[in-house]
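Chemist: My questions all concern the structure below.
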Amino acid sequence: MSATQVPSLELFDLPSDFPSDEAHLAGPGTESRIASLIREFKADVAYALQRLAEDVRQNRKDLVPEEELATLPPRARAILDRYAVVDTLALFDRDRTRSTFIGLLTIAFFAMLVLELFAHILPEFFFQVGQWPPLIIWLYPVLWLGAWGRWYHTHRAQYQNKYQDYRALAEGLRVQFFWSLLGLPDRVEEYYLRKQRGELAWIRRALRIWRKRDAKNIPDPELTDQMLTAQKDLVRRLWVRAQLQYFAEVAGPREKRRSDRCKRWGAILFWTSFELAVILAGCEVWHLVQAPPDRQWRLPPEESVLIFSISTLLAGAAIAVAYGEKMAFSEHARHYRAMSILFFDTDRKLTTGPLTPAETDELRKLGKEALQENGDWLLLHRDRPLEVIVP
């Protein structure tokens, strides 16, 4: 297959029935849910091949440059094509999940803004309570209903779960691809997500079925020592060093900046609101001292503005912190740092020249640990479901 072509749909075919060797471990209804997941996966693959073909080609080139494709064994090319499509779907659903969450946070902020405007600004500066313009308060429940509607659509479409599942499947295919280049007989599904049962079993099942089908239908040439040396160099450049660079220089620093930015803005907004609260308290003390004995209590307009500002800043601080927590930026930074150390240690143990048994063991160990880390990543995000943020 040339670099400009997209894979065929048959390459992703999966039966819908639950594997008999795991059926006794599944909970009630799991079989039907897995069958539904596989049907949706097939539909998503067809969509990617038709509508996201350029992204598929780009993701394939991101893992293996065009000039290297011709050197790949047939079975490795099949795994690479699956990876490119699944990775494209993961990125597609990641973007939809992220945009939905940002939208929910934005709606929550404006809902609180409407409430504070109605309570403290409109009666003081524009309209008296009881006049029809303050019916703007109806925007408050309308905004929340809109948020729930958007959440419900995203929940029904399973954007977040698809993103996580496809990301996990793509990472399993990545390890399987590089192990295949080295001629390793190890089976990715035997080391991947073993602690997770239920619906996530479909990921292991897909990896197992595709591996067996490829072994039966796609013959690979016997690897000579010269071929293994060349494949080792390829694996080192495109997997070990590429992932080391990604985690150490791109993903890790990026997630650290995002985490710091959320924390910084949360702190700035909170302490600004605190300072305004101190000013408000000072105004109250001054008015209490200066007020005549028969004064009728009513908030001065400037205090209404202060209260509105304090509430708005607190809502902004809460949203900034909630966004950072839900996106798990801090956890990602720690995870990527651990991954960079893992790939650095492996690269340090590899040498130029023929592939040695010790290096084979190191690359096998690297794959297993990468699978473990990816499984931990999946569980981290399963514990952070997409929800409507209620201040």
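Only the coordinates and a few stated rules stand behind these numbers; no lab work does. Because the structure is a prediction, the values reported are computed rather than measured.
Chemist: Counting pairs of alpha carbon atoms under 8 Å apart in space and at least six apart in sequence, what relative contact order in percent does region 9-382 give?
Modeler: Details: 361 pairs, mean separation 82.5, N = 374.
Relative contact order of region 9-382: 22 percent.
Chemist: For the chain, find the longest principal axis of its Cα atoms and tell me its angle to the long axis of helix 357-382, 0 to 90°, nearest 10.
Modeler: Helix 357-382 sits at roughly 30 degrees to that axis.
Chemist: If I fit a long axis through the Cα atoms of helix 225-235 and take the longest principal axis of the Cα atoms of the chain, what angle between them do I get, 0 to 90°, rounded to 10?
Modeler: 10 degrees
Chemist: What is the ratio of the Cα radius of gyration of region 209-288 to 2.2 N^0.38 Å, where N is its residue count, to two decimals?
Modeler: Here the answer is 2.52, to two decimals.
Chemist: What shape does the chain have by the C-alpha gyration tensor, where a ≥ b ≥ c are the square roots of the eigenvalues, rounded means a/c under 1.5, and otherwise prolate means a/b greater than b/c and oblate the rest?
Modeler: prolate
Chemist: Using only the alpha-carbon atoms, how far is helix 201-217 inclined from the longest principal axis of the chain? Give it as 0 to 90 degrees, nearest 10.
Modeler: 30 degrees
Chemist: Related question: Using the Karplus equation 6.51 cos²θ - 1.76 cosθ + 1.60 (θ = phi - 60°), what ³J(HN,Hα) coupling, rounded to whole Hz, does each residue of region 80-93 give in order, writing x for Gly and Pro?
Modeler: Listing the rounded values in order: 4, 5, 5, 4, 4, 6, 5, 5, 4, 5, 4, 5, 4, 6 Hz.
Chemist: Where does the chain land at 222 nm, in deg cm²/dmol rounded to the nearest 500, when only DSSP H runs of n ≥ 4 count, each adding -39500 (n - 2.57), divided by all residues?
Modeler: Details: 14 runs with 271 residues, N = 391.
Per the formula, -23500 deg cm²/dmol.
Chemist: For the cross-link pairs 42/365; 42/162; 326/368; 212/349; 61/232; 263/326, which exceed 21 Å when the distance is taken from alpha carbon to alpha carbon?
Modeler: Values: 42/365 32 Å; 42/162 12 Å; 326/368 28 Å; 212/349 32 Å; 61/232 19 Å; 263/326 13 Å.
42/365; 326/368; 212/349, as the Cα separations exceed 21 Å there.
Chemist: Moving on to the next point. If you average the C-alpha positions of region 202-266 and of region 142-166 separately, how far apart do those two centres end up, in angstrom?
Modeler: If you average the Cα positions of each part, the centres end up 30 Å apart.
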